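K.L.:
Here's a structure for you.
Please treat every number below as a calculation from the coordinates, not as lab data. Since we're looking at a predicted model, the values are computed, not measured. With ideal geometry, Cβ positions are generated from the backbone for all residues, glycine too; neighbour counts draw on all protein chains shown.
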Amino acid sequence: MELLNLKECDINGKKVFIRCDFNVPMDDYGNITDDRRIRSALATIHYCLDQQCAIILGSHFGRPKGERDDKYTLAPVARRLHQLLKIDVKLAEDVVGESAQTLARELENGEILLLENLRFEKGETKNDPQLSAALASMAEVYINDAFGVSHRAHASVEGITRYFDNAHKAAGFLLQKEIQFFGVLLERPVRPFAAIIGGSKVSGKLEALINLLPKVDKILIGGGMAFTFLKALGHDVGNSLVEDELLGEAIHIMNEAKQLGVKFYLPVDVVAAEKFAPDAMSRLCSVQEIPSGWMGLDIGPATVRLYRQVLNDVQTILWNGPMGVYEMDRFARGSNKIAHFVADSYATTVVGGGDTADLVQRIGLDEEMTFISTGGGASLELLEGKILPGVKPLMK
Ligand code: AMP
């Protein structure tokens, strides 16, 4: 998939609007706890600065309900941008109101303006044409660098693109990189290619599993979703997370894998707990011996060994979804062990965004992976084979 390239777009000396994804995690005191998303946008911002542009930045943050809510102000983001870029970053008091319009009009080349949280406007999530038009009227060129929100048809992501012709809009460097990585992964991966798929439910990853099946050589299942497959195979999984309505689908997927010659692996042992709690009584057991009423909350050591063995010869690894309830230390070990193995591997390693990116970062392995996506929902939709609404208008 080839996108309108920022480097082929004449932006020299122009006023540009860059849709970024500054939806960063913050603690209760408003401190940014992880600024990866801000740092990921710097390449595009620096390029526009080098091209003498006047730069207007827009982003959403959290889920304010379509009106101003100081809890969700972008002021901490403006401060972090200032620290990273070492130039002044103006912050508008609103999105398309008096303050934003005036500051945007008076913005000079080499200057940066950050609009307030786009979701302070009701129209943002409704893809309201009036809001799109108001945002578009501020700039001569539109750049989308917000991969994490490109699966949403929102006013600043999709609607706004209608106000710019192909010579005046482009994908930023981050968006380009994300689309390119997933494109190569899905269209021409170096083989053998293994997908490690975990997370809570089969339903959340069903479409991705179906789309991945004909493309991969091996699938390794972990997390809560494993139990629907195990139950479908006749195991008694106690109180583990199971989606009974998907038992038939689980069998279908395993049959399909067999037909396609894809090796399909399920956990052979688990860390079972009496209840879903960090202090629950727990023990290791094989998947055939989960005590009645207990639930599997992590993969066990035999599964870790098996998965390491299976991953030994692969050249490409895609990882989406934790192997257990990694938020609780007691059930994080399986995910941590797999993370270390993936990080040490010589294969190309691509980590989906969201929880998987979070867990890899928690244990400080983010630098060791080939690529970590900045978008959980967006990367999952790419794995499902969808064309993202924010990306479609930027295709050549
Ligand atoms: P997802 O959003 O589908 O990728 O799922 C991520 C969530 O799955 C994390 O919050 C994990 O705590 C949860 N999870 C992983 N393994 C299990 C399990 N065995 N039982 C229940 N939840 C799990």
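K.L.:
With springs only between Cα atoms under 10 Å, which of Ala171, Ala226, Ala92 fluctuates most in a Gaussian network model of the chain?
P.N.:
Maximum among the listed residues: Ala92.
K.L.:
Hey, got a sec? Which chymotrypsin sites (Phe, Trp or Tyr not before Pro) in region 142-178 land in a DSSP loop and have at most 10 other Cβ atoms within 10 Å?
P.N.:
Answer by residue number: there is no such site.
K.L.:
Expressed in whole Å with the largest first, what are the equivalent ellipsoid semi-axes of region 221-304 derived from the C-alpha gyration tensor as the square root of 5 times each eigenvalue?
P.N.:
24, 14, 9
K.L.:
Toward the positive end of the charge dipole of the chain, about the Cα centre and with charges on Cβ (Lys, Arg +1; Asp, Glu -1), which of Ala208, Val314, Asn336 goes farthest?
P.N.:
Val314
K.L.:
Based on the alpha carbons, how large is the Rg to Rh ratio for the chain when Rh follows Kirkwood?
P.N.:
Reported Rg/Rh, Kirkwood definition of Rh: 1.02.
K.L.:
Among the GluC sites (Glu not before Pro) in region 324-396, which ones are in a DSSP loop with at most 16 other Cβ atoms within 10 Å of the Cβ? Mind listing them?
P.N.:
For GluC sites (Glu not before Pro) across region 324-396 that sit outside H, G, I, E and B with at most 16 neighbouring Cβ atoms in 10 Å, the list reads Glu327, Glu384.
K.L.:
What does the charge count near Ala92 come to, summing +1 for each Lys or Arg and -1 for each Asp or Glu among other residues with Cβ under 13 Å from its Cβ? Don't skip to the answer; put the middle values down first.
P.N.:
Details: positive: Arg68, Lys90, Arg105; negative: Glu93, Asp94, Glu98, Glu106, Glu111, Glu116, Glu121.
Taking every Cβ under 13 Å from that of Ala92, the sum is -4.
K.L.:
Then there is this: Could you give P(r) for region 1-149, binned at 10 Å from zero, as whole percent values over all Cα-Cα pairs?
P.N.:
Once binned at 10 Å, the Cα pair distances of region 1-149 give 11, 44, 37, 8, 0.
K.L.:
If amide H atoms are built 1.01 Å from N in the plane of the peptide, which residues on other chains or at least 5 residues away come under 5 Å of the amide H of Ile372?
P.N.:
Val351
K.L.:
How do Met225, Met395 line up, fewest other C-beta atoms within 10 Å first?
P.N.:
Working: Met225 27, Met395 13.
Ascending number of Cβ neighbours within 10 Å: Met395, Met225.
K.L.:
Compute a Gaussian network model of the chain, connecting alpha carbons closer than 10 Å, and tell me which residue from Ile45, Ile363, Ile221 fluctuates the most.
P.N.:
With Cα springs under 10 Å in the chain, the top fluctuation among Ile45, Ile363, Ile221 is at Ile363.
K.L.:
Where does each of Val351, Val89 land when they are ranked from fewest to most other beta-carbon atoms within 10 angstrom?
P.N.:
The most exposed by this proxy come first: Val89, Val351.
K.L.:
For region 320-396, which semi-axes, largest first and in whole Å, follow from the square roots of 5 times the eigenvalues of its Cα gyration tensor? Walk me through the numbers on the way to the answer.
P.N.:
Numbers: eigenvalues 139, 41, 17 Å².
Its equivalent ellipsoid spans semi-axes of 26, 14, 9 Å.
K.L.:
To continue, here is another question. I'd like the FRET efficiency for Lys396 and Gln101, computed as 1/(1 + (r/R0)^6) with the beta carbon distance as r and R0 of 35 Å, rounded to 0.05.
P.N.:
After rounding, the FRET efficiency stands at 0.60.
K.L.:
Still on this structure, I have one more. In the chain, what cysteines have no partner Cβ closer than 4.7 Å?
P.N.:
Those would be Cys9, Cys20, Cys285, since no other cysteine Cβ in the chain comes under 4.7 Å of theirs.
K.L.:
Quote the charge dipole size of region 6-177 about the Cα centre in Debye, to the nearest 20; the model charges only the Cβ of Lys and Arg (+1) and of Asp and Glu (-1).
P.N.:
420
K.L.:
I need the calculated FRET efficiency for the pair His340 and Phe371, taking r as the beta carbon distance and R₀ as 22 Å, to the nearest 0.05.
P.N.:
With a Förster radius of 22 Å, E is 0.80.
K.L.:
Fewest Cβ neighbours within 10 Å first, please rank Asp313, Asp269, Asp217 accordingly.
P.N.:
Details: Asp313 11, Asp269 23, Asp217 18.
In order of increasing Cβ crowding within 10 Å: Asp313, Asp217, Asp269.
K.L.:
Moving on. Do any GluC sites (Glu not before Pro) in region 1-75 lie in a DSSP loop with no more than 11 other beta carbon atoms within 10 Å, and if so, which?
P.N.:
Taking region 1-75 and a limit of 11 other Cβ atoms within 10 Å, the loop GluC sites (Glu not before Pro) found are Glu67.
K.L.:
OK, next. Report the charge-dipole magnitude of the chain in Debye, nearest 20, computed about the Cα centre from +1 at each Lys and Arg Cβ and -1 at each Asp and Glu Cβ.
P.N.:
Dipole of the chain, to the nearest 20 debye: 660 debye.
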